[in-house]
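Student: My structure is below; once you've seen it, I'll send some questions.
Values quoted throughout were computed directly from the atomic coordinates according to the rules given, and no laboratory measurement underlies them. Predicted, not measured: the structure shown is a model, and the values here were computed from it. Cβ placement follows ideal geometry from the backbone for every residue including glycine, while neighbour counts extend to all protein chains displayed.
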Amino acid sequence: MRIKVAGTGLTKFGELWDKSLSDLAFEASLEAINDSRLVSNDIDAVYVANMLSGQTSSQDHLGAVIASSLNIKGAAFRIEGACASGGLALHLAIQSILAGTYKNVLVIGAEKMTDVPQSDISAALMGAGSEEERKAGLTFPALYALMAKAHMAKFGTTRNQLASVSVKNHYHASFNEKAQFPFEISMDKVLTSPMICSPLSLFDASPVTDGASAVVLSSQTRSSASSAYNPPRRWALTPSRCTSQDVFITGSAVATDTIDLAQRSSLVEIAATKKACQKALKQAGVDLKDIKIAEVHDCFTIAEILAMEDLGFCNKGEGGEFIQKGTTRLGGKLPVNTSGGLKACGHPVGATGIKQIIEITHQLQKRAGKRQVNEVNLGLTHNVGGSGATAVVHILQN
């Protein structure tokens, strides 16, 4: 079988003080179910991606909460993997379909981050770091600043190259009405913004965000009558059931690394990204050069530079120049983060990995409006937890 993205739903991202976590999850989920042309009774299971609700909303039992609001009587789960929670929930939902346990699955990512003080959010997010890092007083801006400094020292990456990531992603977000910051910014705006942790300034960082995203995944019958599991290269469709608007997830892979940055052999790469990408491409039976569009994890500007290198789109040390010269901008050879990325679309951590899937799905369906990429039929998403302890890569195609 092959995994079809049957429906998508996405709320506005931003400071949504008039809506609760449940409101946001319900809105995105209902839109996804309606888009799939199914009804609640058709949904066999619900996977909810969320990191912070126990700490910020005193609600941990989200699977049951959200399934109840939608009147879904099947199985319900909450998945937590820091900022990679959405990608992990998608991965587990896909495995459950491939195993034959479920046929139609709703995957939801939701986060409510703006209702508590910034200091509380920073402390809660460091739950994705190591105990040693917390004891040392480190935060994620500091951890990614360490990686940025190491990259700059080894490869000559410049402050302007970091800033070009933010400028590009804000330009893309200016075409996205769901984005938290749907407007362009200048290079000077980034370079003169307040310093958070050198060399990263305010506009090098993704924001605190409320929002939810949801997809319905459905199985498609293989042309073979065999019930045995085959590798994803054989996820074949019955031809009569495939249309030009159908989008399928043909690769889904997860890899892990040490949670503590100090224990890694290198500060200038995220090894888990490399491993997950290689596995996902092999599953899908495609080459990296065939990828036409990507949504990658740009929690900080250095993270997108690392992603370009670790995914293999450019050589190690060349990510800054690769982005600065316009390769990843709309109209370039490989548009990246056409949604605006985490930086400008927003980063409600549990929802991010699923929002990435929605953006690529809409691009493949020619539903992306003014940010539509021409002649695109194969895309990649890349979702990271913490400073790279978890990486999830998905391949989508039609």
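Student: Report the one residue of Tyr171, Gln118, Val216 whose Cα lies farthest in the direction of the positive end of the charge dipole of the chain (charges on C-beta: Lys and Arg +1, Asp and Glu -1; origin at the Cα centre).
Tutor: Val216
Student: Can you list residues from other chains, or at least 5 along the same chain, whose modelled amide H is less than 5 Å from the amide H of Ile196?
Tutor: Ser201, Leu202
Student: As I understand it, the value is the acute angle between the Cα axis of helix 159-173 and the longest principal axis of the Cα atoms of the chain; what does it come to in degrees, rounded to 10?
Tutor: Compared with the principal axis, the helix lies near 40 degrees.
Student: First measure r as the distance between the Cβ atoms of Thr158 and Glu375, then evaluate 1/(1 + (r/R0)^6) with R0 = 41 Å and state the FRET efficiency to the nearest 0.05.
Tutor: Computed FRET efficiency for Thr158 and Glu375 comes out at 0.80.
Student: On alpha carbon coordinates alone, what is the Rg over Rh value for the range 54-141, Rh being the Kirkwood radius?
Tutor: Taking Rh as the inverse mean 1/r over Cα pairs, Rg/Rh reads 1.05.
Student: Report, in degrees rounded to the nearest 10, the 0 to 90 angle that the Cα long axis of helix 85-98 makes with the longest principal axis of the chain.
Tutor: Once rounded, one gets 30 degrees.
Student: Then there's this: Quote the charge dipole size of the range 33-117 about the Cα centre in Debye, to the nearest 20; the model charges only the Cβ of Lys and Arg (+1) and of Asp and Glu (-1).
Tutor: 180 debye
Student: To the nearest Å, what is the center-to-center distance of the range 271-293 and the range 1-28, using C-alpha atoms only?
Tutor: One Cα centre to the other: 27 Å.
Student: Further, regarding this structure: Show that you can apply the helix-only estimate: for the chain, add -39,500 (n - 2.57) for every DSSP H stretch of four or more residues, divide by all residues, and state [θ] at 222 nm to the nearest 500.
Tutor: -10500 deg cm²/dmol
Student: In addition: Under 5 Å between amide hydrogens, which residues at least 5 positions from Gly7 or on another chain qualify, with H placed 1.01 Å from N in the peptide plane?
Tutor: Val216
Student: Could you give me the ³J(HN,Hα) list for the range 201-211, computed from phi with Karplus coefficients 6.51, -1.76, 1.60 and θ = phi - 60°, whole Hz, x at Gly and Pro?
Tutor: 9, 3, 8, 8, 10, 6, x, 7, 9, 9, x
Student: Along each of its three principal axes, how wide is the spread of alpha-carbon positions in the range 147-188, in whole angstrom units, largest first?
Tutor: 39, 19, 10
Student: Now, a different point. What's the Cα-based Rg to Rh of the range 11-160, Rh via Kirkwood?
Tutor: 1.06
Student: Of Lys178/Lys370; Lys154/Lys274; Lys4/Lys333; Lys274/Lys343, which ones are farther than 18 Å apart at the Cα?
Tutor: Those over the limit are Lys154/Lys274; Lys4/Lys333; Lys274/Lys343.
Student: If you don't mind, there's one more thing I want to ask. Give the angle, between 0 and 90 degrees and rounded to the nearest 10, that separates the Cα long axis of helix 140-155 from the longest principal axis of the Cα atoms of the chain.
Tutor: It is inclined by approximately 70 degrees.
Student: Would you mind classifying the range 103-188 by shape? Square roots of the alpha carbon gyration tensor eigenvalues, ordered a ≥ b ≥ c; an a/c under 1.5 is rounded, otherwise it is prolate if a/b is larger than b/c and oblate if not.
Tutor: oblate
Student: Arg2's amide H: which non-local residues (gap 5+, or another chain) put their own amide H closer than 5 Å, with H modeled 1.01 Å from N in plane and none for Pro or chain starts?
Tutor: Result for Arg2 returns Gln220.
Student: Okay, moving on. Go from 0 up to the bin containing the longest alpha carbon distance in the range 283-398, width 5 Å each, and give me the % of pairs per bin.
Tutor: So the P(r) values, bin by bin, are 2, 12, 25, 27, 21, 11, 2, 0.
Student: Something else: I'd like the trypsin sites (Lys or Arg not before Pro) in the range 1-71 restricted to DSSP loop residues with at most 12 other Cβ atoms within 10 Å, sorted by number.
Tutor: Here the sparse-neighbourhood loop sites are Arg37.
Student: For the range 338-345, in order, what is each residue's ³J(HN,Hα) by Karplus, 6.51 cos²θ - 1.76 cosθ + 1.60 with θ = phi - 60°, in whole Hz (x at glycine and Pro)?
Tutor: These are the phi-based 3J(HN,Hα) values: 5, 6, x, x, 5, 4, 10, 6 Hz.
Student: How much of the calculated P(r) for the chain lies past 31 Å, in percent of all Cα pairs?
Tutor: The proportion of pairs with Cα distances above 31 Å equals 30 percent.
Student: Tell me, what ³J(HN,Hα) does each residue in the range 110-122 have, in order and in whole Hz, if you take phi through Karplus 6.51 cos²θ - 1.76 cosθ + 1.60 with θ = phi - 60° and put x for Gly and Pro?
Tutor: Once θ is set to phi - 60°, the couplings for the range 110-122 become 8, 8, 10, 10, 8, 8, 10, x, 4, 4, 5, 5, 4 Hz.
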